[in-house]
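The block underneath contains the structure these notes are about, expressed in structure tokens.
The values are calculated or read from the model by the stated rules, or taken from the named source; none is laboratory data. Small disclaimer: the values here were computed from a predicted structure and weren't measured. With ideal geometry, Cβ positions are generated from the backbone for all residues, glycine too; neighbour counts draw on all protein chains shown. Areas reflect the complete protein model, heavy atoms only, side chains present, ligands, DNA and RNA absent. Shrake-Rupley method; radii C 1.70, N 1.55, O 1.52, S 1.80 Å.
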Amino acid sequence: MALISAAALAYEVLLMRLLAILQWHHFAYMIVSLALLGYGASGSLLALGGGRLVTRFPAAFTASAMLFSTSAAGCFFLAQALPFNALELPWDPWQLARLAGIFLLLALPFLFAGGCVCLALERYRYGAHRVYAWDIVGAGAGSLGALGLLYLLPPLVALKGVVLLGTLAAAWAWRGLGLAPRWGAAFPLALGAALAALLPAGSGALRPSEFKELPQLLQVQGVRMLEERWSPLGWLTVLESPRVPFRHAPGLSLHAPAEPPAQLGLLTDGEGMSPIVGHDGRSPPAYLGYLTSALPYSLLSRPRVLVLGAGGGAEVLQALAHGAETVDAVEL
């Protein structure tokens, strides 16, 4: 019970991260309702006709755990393949149908995970407090474990861990609940290993919306990705454009004595580009004094500065170049 609950909650956390990358961050919040939909549907199905499943509890629980792992591996990539474009929702009714398809596909693994919980609570109703305790322990461990993994691994690699955790729960159930043959417990483990091996792991397997900045920038000739980093807070990518350099300087005066130096572009989850300004560490680029954002530094002496959304650090560099007493940079 703890293993399947840990896998389900880790999957929920990973989906929030993955959906923020593929679409926009506000779509990530629908994952909470997806999980509730799946768990609620499993309870409803069991109430309507789950008596036969309860009488065959060992096989039903094990099968549900295996189906969770299989659907967790496949449903995300099926949902990603649907041509959904959120920007067309106001005028294209088919986009609503595709969104509903994504919703149902991503809810399916939670249906099977919820089936494990509901079956166990029904089968061991007089020990429901123990079942519920292990369910909560597993859910907490899975949520925290997924956050920790996202500091170390890309989300798609962490997804392989979720698949393996679900098949481990199935193998343990097979053996612990006395299913025959005893050696059959190796089948869920083999299935999990095969699914984990087949799942693509690199960021190239992610297909963000074509209307996000990252896919658009990568179409420019010569643009290449220098670096990428992962964490629970975002997928950071650094782009370089040697042929047509980035020169991001909003509000630059026409009287600026020099153009901005070539920059690198920093994006979070494929959007919100901010510049990383190159300089020698001694004399900040002169163009920083000719931006509209430099006006407050002409009115104040040694101000204390708060930068909201530090990004690539250009605003921090501007504040230091103008003699700020202190600079607090907050990342959104």
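Among the candidates Phe84, Phe77, Phe112, single out the residue that is closer than 21 Å to Ala171 by Cα and either in contact with a helix residue (DSSP H, G or I) (Cβ under 8 Å, 6 or more places away or on another chain) or in a helix (DSSP H, G or I) (or both). Talk me through it step by step, then tell me what you get.
Values: Phe84 fails: closer than 21 Å to Ala171 by Cα; Phe77 fails: closer than 21 Å to Ala171 by Cα.
That would be Phe112, the only listed residue that is closer than 21 Å to Ala171 by Cα and either in contact with a helix residue (DSSP H, G or I) (Cβ under 8 Å, 6 or more places away or on another chain) or in a helix (DSSP H, G or I) (or both).
In the stretch 1-43, how many are hydrophobic (A, V, I, L, M, F, W, C), assigned to a helix (DSSP H, G or I) and within 17 Å of Ser231 (Cα to Cα)? Outline the logic, then answer.
Within the stretch 1-43, the subset hydrophobic (A, V, I, L, M, F, W, C) is 1-4, 6-10, 13-16, 18-22, 24, 27-28, 30-32, 34-37, 41.
Narrowing the set further to residues that are assigned to a helix (DSSP H, G or I) leaves 2-4, 6-10, 13-16, 18-22, 27-28, 30-32, 34-37, 41.
Retained after the next criterion (residues that are within 17 Å of Ser231 (Cα to Cα)): 10, 13-16, 18-22, 28.
Of the residues in that region, 11 qualify.
Identify the single condition in (1) aromatic (Phe, Trp, Tyr); (2) under 30 Å from Ala86 (Cα atoms); (3) touching a residue at least 60 places away in the same chain (Cβ under 8 Å) that Trp174 does not satisfy, given that it satisfies every other one.
Only one criterion in (1) aromatic (Phe, Trp, Tyr); (2) under 30 Å from Ala86 (Cα atoms); (3) touching a residue at least 60 places away in the same chain (Cβ under 8 Å) is unmet by Trp174, namely (2).
Mind checking which residues of the stretch 242-265 are in contact with a Leu (Cβ under 8 Å, 6 or more places away or on another chain) and either within 26 Å of Leu14 (Cα to Cα) or open to solvent by less than 80 Å² (accessible area, probe 1.4 Å) (or both)? Break it down stepwise before answering.
Filtering the stretch 242-265 down to residues in contact with a Leu (Cβ under 8 Å, 6 or more places away or on another chain) leaves 246, 249-253, 260, 264-265.
Result: Phe246, Ala249, Gly251, Leu252, Ser253, Pro260, Leu264, Gly265.
Pairs, please: C-beta under 6 Å, at least 6 apart or cross-chain, first residue without any contact (Cβ under 8 Å) to a residue 60 or more places away in the chain and in the stretch 230-249, second basic (Lys, Arg) and open to solvent by 50 Å² or more (accessible area, probe 1.4 Å)?
Leu236/Arg229; Glu240/Arg224
Here's the yes/no breakdown for (1) in contact (Cβ under 8 Å) with a residue 12 or more places away in the chain; (2) touching a Phe, Trp or Tyr at 6+ places or on another chain (Cβ under 9 Å); (3) in a helix (DSSP H, G or I); (4) surrounded by 14 or more Cβ atoms within 10 Å (Cβ to Cβ):
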{"site": "Ala133", "(1), (2), (3), (4)": "no, no, yes, no"}
{"site": "Gly166", "(1), (2), (3), (4)": "yes, yes, yes, yes"}
{"site": "Ala169", "(1), (2), (3), (4)": "yes, yes, yes, yes"}
{"site": "Ala180", "(1), (2), (3), (4)": "no, no, no, no"}
{"site": "Trp183", "(1), (2), (3), (4)": "no, no, yes, no"}
{"site": "Leu189", "(1), (2), (3), (4)": "yes, no, yes, yes"}
{"site": "Ala193", "(1), (2), (3), (4)": "yes, no, yes, yes"}
